[in-house]
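**Q** Below is one structure. I have some questions about it.
The values are calculated or read from the model by the stated rules, or taken from the named source; none is laboratory data. Computed from a predicted model, the values in this text were never measured in an experiment. Glycine also receives a Cβ, built like all others from the backbone with ideal geometry; neighbour counts cover every protein chain displayed. Just the protein is used for accessible areas: all its heavy atoms, side chains included, with ligands, DNA and RNA removed. Shrake-Rupley method; radii C 1.70, N 1.55, O 1.52, S 1.80 Å.
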Amino acid sequence: MPTTLEGREALLRDGSFIVVEASPSLLVQVYGHFTLTALRDLAKIHGILYHNQSLRRLQFALTMHACTPFCVHHFTVFKSLSKPRRFIEARRYQHVIQSPVAPVPVIETQASAPGFSAPSTPTVDPIEVKCRSDAHLVPCTEQEKRNIITKFQEKMAVSNFIRRPCAVCSRLVSPSNIFNIHASGVNLCILRNDNLSPKLRPTSYNFEAYDRAILCANALENRNAKGQMTVCGECAKDLEREILPKYALANWLYQAKERLPSDVARAFADATPFERAMVARARIVEIWFQHL
């Protein structure tokens with residue numbers, strides 16, 4: 001191969017060759033298809049130990065190398081392949097983009113020695129820059145930054161973490177599992193329990209307006225007339241099939257707390273969980289029930 005400046009000019013006129021003047025560190029980072037022989041040639045002209053060195057060790061050594069006045073000034077010639085590469089080892093070349101050219105390092109006869117000025121760091125041809133894999137490091141635009149901030153604010157909004165009660169079972173559920181359903185679109189007769197004593201029926205909402213259904217008043221938008229109510233996903237599926245949900249208050253799970261005497265209700269409201277555990281004569285471990 002030519003090793004003079006005139007020879008380089010001849011290669012530049014040939015469309016099948018690409019001549020690059022760059023440091024070995026940049027060459028190894030940009031182009032990932034160097035063979036072991038080519039890396040040894042690069043290491044040799046830059047004074048890097050190359051005997052009995054593996055491909056990965058040479059890649060690392062060349063990447064960390066900083067040129068000195070003792071390094072030989074050289075050009076690297078890339079020759080086009082007759083056929084494109086069909087297979088690239090993922091672990092070995094995961095940081096590069098497939099390139100249609102193969103490298104042929106060529107050493108120029110002009111060398112630097114003590115007393116000569118060190119060559120400045122050359123620039124890489126724009127065609128080679130396209131092969132770099134640092135496109136993800138490009139700063140985001142202002143619009144992209146605003147989109148990221150907006151999505152973060154929507155995801156971390158306080159309303160997404162406030163649990164709301166279900167009107168059917170009174171359980172607190174996350175906003176992602178809650179649905180707003182109008183009472184007029186649900187067969188509320190499913191949620192009735194006519195065997196419940198009249199002395200224990202709810203008084204915190206219009207019991208007759210809601211077709212005598214046993215509901216959680218805190219989940220009703222309008223307690224005096226039928227309106228929107230929040231229902232969890234599990235109960236909504238059962239109501240759509242017109243069956244009694246398993247954990248519905250009407251399924252003998254209604255505790256009638258609002259029917260407690262005022263002094264007892266106030267004492268329970270002010271009691272701590274430990275005080276409630278001390279005065280409890282029984283503690284619920286598991287609830288078993290059966291439909292008759």
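**Q** Hey, among GLU221, GLU208, GLU234, GLU240, which residue is over 30 Å from LYS155 (Cβ atoms) and acidic (Asp, Glu)? Let's see the steps before the verdict.
**A** Numbers: GLU221 fails: over 30 Å from LYS155 (Cβ atoms); GLU234 fails: over 30 Å from LYS155 (Cβ atoms); GLU240 fails: over 30 Å from LYS155 (Cβ atoms).
Only one candidate passes the filter, namely GLU208.
**Q** Let me ask something else. In this structure, does ASN177 turn out to be among the polar types (S, T, N, Q) and farther than 23 Å from GLU242 by Cβ?
**A** Details: among the polar types (S, T, N, Q): yes; farther than 23 Å from GLU242 by Cβ: no.
When the stated conditions are applied, ASN177 does not pass them.
**Q** Based on this model, can you work out whether ALA111 counts as over 22 Å from SER16 (Cα atoms) and either at pLDDT below 50 or buried (at least 18 other Cβ atoms within 10 Å of the Cβ) (or both)?
**A** Numbers: over 22 Å from SER16 (Cα atoms): yes; either at pLDDT below 50 or buried (at least 18 other Cβ atoms within 10 Å of the Cβ) (or both): yes.
Yes; evaluated as a whole, the condition is true for this residue.
**Q** Suppose we filter CYS71, CYS67 for residues that are open to solvent by 50 Å² or more (accessible area, probe 1.4 Å) and under 13 Å from ALA22 (Cα atoms); which single one remains? Spell out how you get there, then give the answer.
**A** Values: CYS71 fails: open to solvent by 50 Å² or more (accessible area, probe 1.4 Å).
Criteria check complete, one pass: CYS67.
**Q** OK, next. Pull out all pairs, ordered by first then second residue, where Cβ-Cβ is under 8 Å, the residues are six or more apart or on different chains, the first lies in the stretch 19-37 and is without any contact (Cβ under 8 Å) to a residue 40 or more places away in the chain and under 17 Å from LEU49 (Cβ atoms), and the second is open to solvent by less than 30 Å² (accessible area, probe 1.4 Å) and among the aromatic types (Phe, Trp, Tyr).
**A** VAL28/PHE34
**Q** Which one is nearest to SER176 (Cα to Cα), of the residues in the stretch 224-253 that are in contact with a Lys or Arg (Cβ under 7 Å, 6 or more places away or on another chain) and not small (Gly, Ala, Ser)?
**A** Here is the first cut: in the stretch 224-253, the ones in contact with a Lys or Arg (Cβ under 7 Å, 6 or more places away or on another chain) are 230, 232, 247, 250.
Restricting the remaining residues to those that are not small (Gly, Ala, Ser) gives 230, 232, 247.
Details: THR230: 12, CYS232: 9, TYR247: 19 Å.
The qualifying residue nearest to SER176 (Cα to Cα) is CYS232.
**Q** Here are some conditions: (1) of a type in the set (Ser, Thr, Tyr); (2) touching a residue at least 60 places away in the same chain (Cβ under 8 Å); (3) part of a loop (DSSP other than H, G, I, E, B). SER204 meets all but one. Which one does it not meet?
**A** (2)
**Q** Would you check if ALA217 is aliphatic (A, V, I, L, M) and more than 24 Å from ARG241 (Cβ to Cβ)?
**A** Criteria met by ALA217.
**Q** (1) in contact (Cβ under 8 Å) with a residue 60 or more places away in the chain; (2) surrounded by 13 or more Cβ atoms within 10 Å (Cβ to Cβ); (3) closer than 19 Å to LYS257 by Cα: which one isn't true of LYS199, the others all being true?
**A** (2)
**Q** Among the residues of the stretch 19-41, write down those that are more than 41 Å from the chain's Cα centre (by Cα) and either open to solvent by less than 20 Å² (accessible area, probe 1.4 Å) or of a type in the set (A, V, I, L, M) (or both). It would help to see each step written out before you state the result.
**A** Step one: list which residues in the stretch 19-41 are more than 41 Å from the chain's Cα centre (by Cα), which gives 19, 37, 40-41.
Passing the criteria: only VAL19.
**Q** From the list THR68, THR37, exactly one residue is polar (S, T, N, Q), out of contact with any Asp or Glu (no Cβ under 6 Å at 6 or more places or on another chain) and not in a loop (DSSP other than H, G, I, E, B). Which is it?
**A** On the way: THR68 fails: not in a loop (DSSP other than H, G, I, E, B).
One residue alone meets the criteria, THR37.
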